[in-house]
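Undergrad: Just dropping this structure here.
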Amino acid sequence: MSAAIGQNRPMARIVLPAEPLRDGPTALRGWRETDIDALVEACRDPEVVRWTRVPDRYGVSDARAYLLQRYDGLETGFAAPFAIVRADDLEHLLGSISLMRLEWRHLRAEVGYWLAPEARGAGHATRAVGLICRWGFESLGLERVELFAATTNPLSQGVAERSGFRREAVLRSYMTGKGERHDMVAFGLLASEA
Ligand SMILES: CC(C)(COP(=O)(O)OP(=O)(O)OC[C@H]1O[C@@H](n2cnc3c(N)ncnc32)[C@H](O)[C@@H]1OP(=O)(O)O)[C@@H](O)C(=O)NCCC(=O)NCCS
């Protein structure tokens, strides 16, 4: 990681770990061109569309654009996107997780994630959040990670709670979702708590 910690440098380049991050059956690695078909299929799930910024009627061109955008995020130091994959089959895509909106001056970032429908209910999101937060604290030098989940999205709130995040506030009418405004629960995890 070549970011200058503690300075508000817009061009702080992020380098993802050379080896996948692993916890039991869950691993995180950089995105690959070979993920496109599984990415498209997962992003057509209505729950992913409902709760994330993934556009409706997701197609191959959206997936290609996402894979290109990830370079921008890394180069400019504003995002660190990972694919969530099976630890025993690194080609098998389970979901997506990113550290986003990195604020270098304040040493903080936001975590966002989704799982493909068939990957839910097995703890992959909880382990993925733990892995990306530990990496953010240890390798990027972050002091705080934030997580925002709609008040009406208990499954995402469950991920935050199982991952050790503290519920800090409810932010009213905070985001425009797909056709509705969302009140968001703001969660925070500090480096000293991870
Ligand atoms: C939010 C989302 C990622 C949560 O997925 P999830 O599978 O419920 O979360 P986890 O992977 O942490 O799995 C937790 C479930 O597995 C169970 N589980 C099994 N083994 C587990 C383990 N070792 N560790 C943790 N949980 C385990 C838990 O009991 C829980 O099931 P329950 O809800 O029936 O109690 C998923 O619903 C999703 O992708 N939704 C659409 C997109 C979205 O909402 N993104 C978040 C926007 S803020």
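No value in this document is a laboratory result; all are computed from the given coordinates. Quick caveat: nothing in here was measured; it's all calculated off a predicted structure. Cβ coordinates were reconstructed from backbone atoms using ideal geometry, including for glycine residues, and neighbour counts include every protein chain displayed.
Undergrad: Sticking with the crude label model, points 7 Å out along Cα→Cβ, report the distance from R57 to R166 in nm, one decimal please.
TA: 4.6 nm
Undergrad: What do you get when you divide the Cα radius of gyration of region 97-170 by 2.2 N^0.38 Å, with N the number of residues?
TA: 1.09
Undergrad: For the chain, what is the mean residue ellipticity at 222 nm derived from helices alone (per DSSP H run of n ≥ 4: -39500 (n - 2.57); sum divided by total residues; nearest 500 deg cm²/dmol)?
TA: So the calculated ellipticity at 222 nm is -9000 deg cm²/dmol.
Undergrad: Excluding G158 itself, calculate the net charge of residues whose Cβ lies under 15 Å from the Cβ of G158, where each Lys or Arg counts +1 and each Asp or Glu counts -1.
TA: Charge balance near G158 sits at +3.
Undergrad: Let me ask you something else. Want the number for K178 to R86: 0.36 nm per residue separation, take away the alpha-carbon distance, what's left?
TA: 30.1 nm
Undergrad: Computed FRET efficiency, Cβ-Cβ of T151 and Y71, R0 45 Å: what is it to the nearest 0.05?
TA: Details: r = 34 Å, r/R0 = 0.76.
Step by step, r from the Cβ atoms, then E = 0.85.
Undergrad: Could you tell me what fraction of 2.2 N^0.38 Å the Cα radius of gyration of the chain comes to, as a two-decimal ratio?
TA: Expressed relative to 2.2 N^0.38 Å, the Cα Rg reads 0.97.
Undergrad: Report the FRET efficiency, 1/(1 + (r/R0)^6), for R44 and E193, where r is their Cβ-Cβ distance and R0 is 41 Å, rounded to 0.05.
TA: 0.70
Undergrad: Summing Lys, Arg as +1 and Asp, Glu as -1, what charge do residues with Cβ under 10 Å from the Cβ of C43 carry, C43 excluded? Walk me through the intermediate numbers first.
TA: On the way: positive: R44, R57; negative: E41, D45, D56, D62.
In short, -2.
Undergrad: A follow-up question, please. Quick one: which residues, 5+ away or cross-chain, put their amide H under 5 Å from the amide H of R32? H built at 1.01 Å from N.
TA: Excluding prolines and chain starts, which carry no amide H, there are no hits.
Undergrad: Which whole-Hz couplings ³J(HN,Hα) result when phi for each residue of region 64-72 is put into the Karplus expression 6.51 cos²θ - 1.76 cosθ + 1.60, θ = phi - 60°, listed in order with x for Gly and Pro?
TA: My calculation for region 64-72 gives 4, 4, 5, 5, 6, 4, 4, 5, 4 Hz in order.
Undergrad: Based on the Cβ-Cβ distance of E143 and E19, what FRET efficiency does E = 1/(1 + (r/R0)^6) give at R0 = 35 Å, to the nearest 0.05?
TA: 0.90
Undergrad: How many angstrom lie between the Cα centre of region 114-187 and the Cα centre of region 43-94?
TA: Computed from Cα coordinates, the inter-centre distance equals 16 Å.
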